[in-house]
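The block underneath contains the structure these notes are about, expressed in structure tokens.
The values are calculated or read from the model by the stated rules, or taken from the named source; none is laboratory data. Bear in mind that the values here come from a model prediction, so they are computed numbers and not experimental data. In this analysis, Cβ positions are derived from the backbone assuming ideal geometry, glycine residues included, and neighbour counts consider all displayed protein chains.
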């Protein structure tokens, strides 16, 4: 990938330094794809609606109380009305006025630039096309056909920039009888088949807690975009990537689809009791829940030893089949000991005896986790609406040395928030980079003022 030197002595550039991305995405799947690109150092210009921005700016918004600094922040989740109109002109503002912000937006849009633009106006489309000419990548997640109707489809933009990579993320794909169907996460999780294998055997199917289908589709879109970018740099030929969120969900069905293809047997839901047998799943304990993994069979006697229950050493329980046939009895024998101990103690006791135990971590557990702290995982970014907060760090460690907790700098401060090849800055205020971006395209102050007065930016 094309790179340029980082200006701060001793710091490493992002791996995608020098790559420009035009981000025409909103909500979750598209912004997660472009977040991975931006935090790897690409210049990601996020185009948002004037006045309101990406709708996810208003989802799950947190309004600070009297104290906003520190990691707890004194915050509470509230029902916030829709964004009131922003005053045109002047400095960029936090959408919604005041300090209320969306944690979703803060996370999904780290290290990006925000350009407000009305894509329904002729001048707005003119600006987008100028940006597309200078970009290597365009990512969009509008409804199929919307980009073509705006004159921004791949066939149109590729005439202006033949090496352009365009990634389109949609519910069901750009083609097929379902391409225009509407869907939310629960629909996509269900249609992809994941819901059918999630939950307890005798209860209705369940949805995953996180928007797994959308986040996973964004991750796949990132990988596909990177592959297409490499090809474009080698050949000068761009690509149009068509990514279906529902198809992503089908791709991670474990062995359920293949099992049915081979045998005609449906994959049954097993809930927290993994594979239907005892001592393999999530159990209650003194201060939460813990994960118990009893395999391999040769290690089963260790459970009876440190749980101090001789009954667990019964030969009937040694094999997997035995634990399947006697699951309720085994669980009843383990439960008193589990409820008398805390999750971290159980986790460490199992690990000390060669067993793959774990525990269900709360958010506070994660922030204090010694493993993550020792690896310098967290990034601290100082957003003007929240003060300094810990953010999830890079999903991949690219260097032999990890950096300590770091504060993200403001725009232009290249020293802020880097983890060896990753670049972290706070999510942008709405329209924060509109003036800068337009000036780089050759618009003078009077032209920018005119565009703003007309509501185009």
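Numbers for the structure displayed
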item: Qualifying residue in segment 274-285 (condition: modelled with pLDDT under 90, touching a helix residue (DSSP H, G or I) at 6+ places or on another chain (Cβ under 8 Å), over 24 Å from residue 349 (Cα atoms) and loosely packed, with under 14 Cβ neighbours inside 10 Å); result: no
item: Test: residue in segment 423-432 that is outside any helix (DSSP H, G or I), modelled with pLDDT of 95 or more, under 24 Å from residue 102 (Cβ atoms) and more than 22 Å from the chain's Cα centre (by Cα); result: yes
item: Residues located in segment 135-162, provided they are more than 19 Å from residue 217 (Cβ to Cβ), touching a helix residue (DSSP H, G or I) at 6+ places or on another chain (Cβ under 7 Å) and in contact (Cβ under 8 Å) with a residue 24 or more places away in the chain; result: 136, 150, 151, 152, 157, 160, 161
item: Lone unmet requirement of (1) within 26 Å of residue 180 (Cα to Cα); (2) in contact with a strand residue (DSSP E or B) (Cβ under 8 Å, 6 or more places away or on another chain); (3) touching a residue at least 60 places away in the same chain (Cβ under 8 Å) for residue 118; result: (2)
item: Test: residue 267 is at pLDDT 90 or above, surrounded by 13 or more Cβ atoms within 10 Å (Cβ to Cβ) and not assigned by TED's automatic domain parsing to the domain that holds residue 202; result: no
item: Residue check, residue 73 part of a loop (DSSP other than H, G, I, E, B), within 23 Å of the chain's Cα centre (by Cα), at pLDDT below 50 and surrounded by 15 or more Cβ atoms within 10 Å (Cβ to Cβ); result: yes
item: Of the criteria (1) in contact with a helix residue (DSSP H, G or I) (Cβ under 7 Å, 6 or more places away or on another chain); (2) touching a residue at least 24 places away in the same chain (Cβ under 8 Å); (3) not assigned by TED's automatic domain parsing to the domain that holds residue 36, which one residue 335 fails; result: (1)
item: Every residue from segment 432-457 that is out of contact with any helix residue (DSSP H, G or I) (no Cβ under 9 Å at 6 or more places or on another chain), over 26 Å from residue 15 (Cβ atoms) and surrounded by 15 or more Cβ atoms within 10 Å (Cβ to Cβ); result: 449
item: Per-region count, segment 163-192, residues within 26 Å of the chain's Cα centre (by Cα), over 16 Å from residue 248 (Cα atoms) and either surrounded by 19 or more Cβ atoms within 10 Å (Cβ to Cβ) or free of Cβ contacts under 8 Å to residues at least 12 places away in the same chain (or both); result: 5
item: Selection count where residues are in contact with a helix residue (DSSP H, G or I) (Cβ under 9 Å, 6 or more places away or on another chain) and exposed (fewer than 14 other Cβ atoms within 10 Å of the Cβ), scope segment 339-355; result: 2
item: The listed residue being within 21 Å of residue 433 (Cβ to Cβ), crowded, with 21+ Cβ neighbours inside 10 Å and in the same structural domain as residue 240 (by TED's automatic domain parsing), out of 126, 140; result: 140
item: Test: residue in segment 193-209 that is crowded, with 16+ Cβ neighbours inside 10 Å and either more than 21 Å from residue 266 (Cβ to Cβ) or outside the structural domain of residue 141 (by TED's automatic domain parsing) (or both); result: no
